[in-house]
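Here's the structure, in structure tokens; my notes come after.
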Amino acid sequence: MNRPKIAVLTGAGVSKGSGIPTYRDGADSLWNHYHPQELATPEAFARDPKLVWEFYDWRRQNMAKARPNAAHLTLAEMEAALPDFTLVTQNIDGLHRAAGNRNILYLHGDIWLVRCTECDYRDEDRRVPLPELPPRCPRCGALLRPDIVWFGETLNPQTLYEAEQAFRSADLALVIGTSSVVYPAAYLPFYTIETGGRVIEFNMERTALSPYASEVILGPSEKTLPAWWKNFRQT
Ligand code: BV8
Ligand code: ZN
């Protein structure tokens, strides 16, 4: 098997096969007729922390029932098999870690981590449902928030730098299950293209990235990615 440097960017589409609605799905991804973008903002949280936490508590309950699918498991196999493999995810559902990946760059955080809005308390909290909404800091009593990046918030600069470096140095970038609409995440594969690497996109449909990809493999990633990996390993 040839051993190129591989960087992977995943989006909500890889978790669709695990029963987690994407951001672009119809009714089943809406919660009480709110679109995630309306509630996933610091302004919404400041205005109504209880409503925003009801939204996240509902999503946590969905995600707690979800199990990694064949796409997640393939990415864990790839991390173990390849000497230079970096997984960058936009997903906050924790399924890549549940599948066995350990070297994960979380661009938008992790829904299972909470942090205090006042002191430096930060911890994992997997309780579903949460006993009290909005949850309060056990140390200082202030409001807790999900340790994730909301729209209009900046990403962790170190995480973003490491992700950019991985895509700059990659010979091959796999972009899986993302509509490539949200920035700066959507820009990452262009670093690979700029440095002469190849981009393969796995999606159900063509996206804004498709015209720039070397290859677009259409179909559910829980099917197309395992098939691609099986073929790749034999080269
Ligand atoms: C930033 C955590 C600097 C929260 C997320 C105007 C005003 C303010 C900001 C902006 C603006 N214009 C642009 C911006 C920047 C903004 C942005 O990009 N907005 C978009 C909407 C235009 N970005 C930001 O705000 C970022 N911060 O830029 O800081 C700054 C600061 C201030 C002002 C300006 C700039 C922060 C963005 C992070 C937000 N947090 N998540 C939460 O989840 O609650 S983003 C969230 O949405 C996800 O993490 C993900 O990134 C994105 C959803 O995208 P996808 O994962 O791609 O999912 P989607 O549903 O869209 O698509 C699914 C795909 O899968 C589809 O293509 C589908 O075909 C495919 N699919 C479905 N099933 C399958 C499949 N594929 C394969 N197999 C299947 N089975
Ligand atoms: Zn606190």
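Between Glu222, Glu194, Glu205, Glu201, which is acidic (Asp, Glu) and touching a Gly at 6+ places or on another chain (Cβ under 7 Å)? Break it down stepwise before answering.
On the way: Glu194 fails: touching a Gly at 6+ places or on another chain (Cβ under 7 Å); Glu205 fails: touching a Gly at 6+ places or on another chain (Cβ under 7 Å); Glu201 fails: touching a Gly at 6+ places or on another chain (Cβ under 7 Å).
After ruling out the rest, the residue left standing is Glu222.
Which of the residues that make up the range 156-181 are of a type in the set (Val, Ile, Thr), surrounded by 16 or more Cβ atoms within 10 Å (Cβ to Cβ) and farther than 23 Å from Phe232 by Cβ? Explain how you work it out, then say what you get.
Looking only at the range 156-181, we keep the residues that are of a type in the set (Val, Ile, Thr), and these are 159, 175-176, 178, 181.
Cutting the leftovers down to surrounded by 16 or more Cβ atoms within 10 Å (Cβ to Cβ) gives us 159, 175-176, 178.
Thr159 - this is the single residue of the range 156-181 that is of a type in the set (Val, Ile, Thr), surrounded by 16 or more Cβ atoms within 10 Å (Cβ to Cβ) and farther than 23 Å from Phe232 by Cβ.
Residues being part of a loop (DSSP other than H, G, I, E, B) and either surrounded by 17 or more Cβ atoms within 10 Å (Cβ to Cβ) or in contact with a Cys (Cβ under 6 Å, 6 or more places away or on another chain) (or both): count how many of those fall in the range 24-63. Break it down into steps so the answer makes sense when it comes.
Step one: of the range 24-63, the residues part of a loop (DSSP other than H, G, I, E, B) are 24-26, 30, 32-33, 35, 40-41, 48.
Next, from what is left, pick out any that are either surrounded by 17 or more Cβ atoms within 10 Å (Cβ to Cβ) or in contact with a Cys (Cβ under 6 Å, 6 or more places away or on another chain) (or both): 40.
Matching residues across the range 24-63 total 1.
Say we look at the range 114-155 and pick out the residues that are of a type in the set (Phe, Trp, Tyr) and within 16 Å of ligand 1 (Cβ to nearest atom); which of these is surrounded by the most Cβ atoms within 10 Å (Cβ to Cβ)? Walk me through it before giving the result.
So the first thing to find is which residues in the range 114-155 are of a type in the set (Phe, Trp, Tyr), and the list is 121, 150-151.
If we keep only those that are within 16 Å of ligand 1 (Cβ to nearest atom) too, we end up with 150-151.
Working: Trp150: 19, Phe151: 15.
In this case the residue turns out to be Trp150.
Does the range 192-223 hold any residues that are of a type outside the set (D, E, K, R) and either free of Cβ contacts under 8 Å to residues at least 24 places away in the same chain or not assigned by TED's automatic domain parsing to the domain that holds Val14 (or both), and which are they?
Initially, the range 192-223 is screened for residues of a type outside the set (D, E, K, R), giving 192-193, 195-197, 199-200, 202-204, 207-214, 216-221.
Of everything in the range 192-223, those that are of a type outside the set (D, E, K, R) and either free of Cβ contacts under 8 Å to residues at least 24 places away in the same chain or not assigned by TED's automatic domain parsing to the domain that holds Val14 (or both) turn out to be Ile193, Gly196, Ser210, Pro211, Tyr212, Ser214, Val216, Ile217, Leu218, Gly219.
The values are calculated or read from the model by the stated rules, or taken from the named source; none is laboratory data. Since this is a predicted model, take the numbers as computed values, not measurements. Cβ atoms come from the backbone with ideal geometry, glycine included; neighbour counts cover every protein chain shown.
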